[in-house]
Amino acid sequence: MGELLAQKHNFLFISVSDLLRIECRKRGIEVSRENLRTVSSEWRREFGLGVLVDKALELAENAPQSYAGVVASPMRNVGEAQHLKDIGGTLVWVDAEPRIRYERIQVANRGRAAEDNKTYEQFLAEEEAEMHPSDPNDPSVLNMAGVHKLADVAVRNDSDIQTLQRTIDAALDL
């Protein structure tokens, strides 16, 4: 979705997962979903729950050109999602059937072969680990189910890219 808004509507797309990947590489640790979760939780504890949103906005403010808006994705923590909403952002939940998401990741080959090369069962287990908080008393951990509940807009992405584009444009009045 972020890439579509960037291509069609002059939004700046920032992958917060890429920010975490960069941090993993700086630390000399494997770029894995488990390590991405660990680093994101550490950052939230140290810098506040909205740290990834703030880092995305900082990149946008320092960008060499101006944009119609900023897309920071994915939002996987309730605190960062709430921070986004508190500063006036719109939280969009985009979802597809798990098998479709898995197959898209396998086909995309985004240069993350080691990170994305896994069985469907491994993929589902990782998603489950991110869907519900590992520690319900720790607001810094991932909780995608909680993020979903906060969403202003929910979009299904089970079809083709053109359908997704039309759905997003209609949902966001673009």
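The table that follows gives values for the structure above.
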| quantity | calculated |
| --- | --- |
| Matching helices (runs of 4 or more DSSP H) fully within region 116-174 where at least 1 residues are touching a strand residue (DSSP E or B) at 6+ places or on another chain (Cβ under 6 Å) and modelled with pLDDT under 95 | 161-171 |
| Selection status of D54, assigned to a helix (DSSP H, G or I), at pLDDT 95 or above and not polar (S, T, N, Q) | yes |
| Neighbours by Cβ (under 9 Å, 6+ apart or cross-chain): first from region 36-47, closer than 13 Å to L19 by Cα; second acidic (D, E) and buried (at least 19 other Cβ atoms within 10 Å of the Cβ) | R37/E130; S40/E80 |
| Residue list for region 64-102, restricted to those being part of a loop (DSSP other than H, G, I, E, B), closer than 18 Å to I168 by Cα and in contact with a Lys or Arg (Cβ under 8 Å, 6 or more places away or on another chain) | L91, A96 |
| Residue, farthest from the chain's Cα centre (by Cα), within region 62-89, restricted to residues that are of a type in the set (S, T, Y) and closer than 16 Å to L4 by Cα | Y67 |
| Qualifying positions in region 144-160 - farther than 16 Å from S73 by Cβ and either in contact (Cβ under 8 Å) with a residue 60 or more places away in the chain or among the charged types (D, E, K, R) (or both) | G146, K149, R156, D158, D160 |
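The values are calculated or read from the model by the stated rules, or taken from the named source; none is laboratory data. None of these values were measured; they are calculated from a predicted model. Cβ: placed from backbone, ideal geometry, glycine included. Neighbour counts: every protein chain shown.
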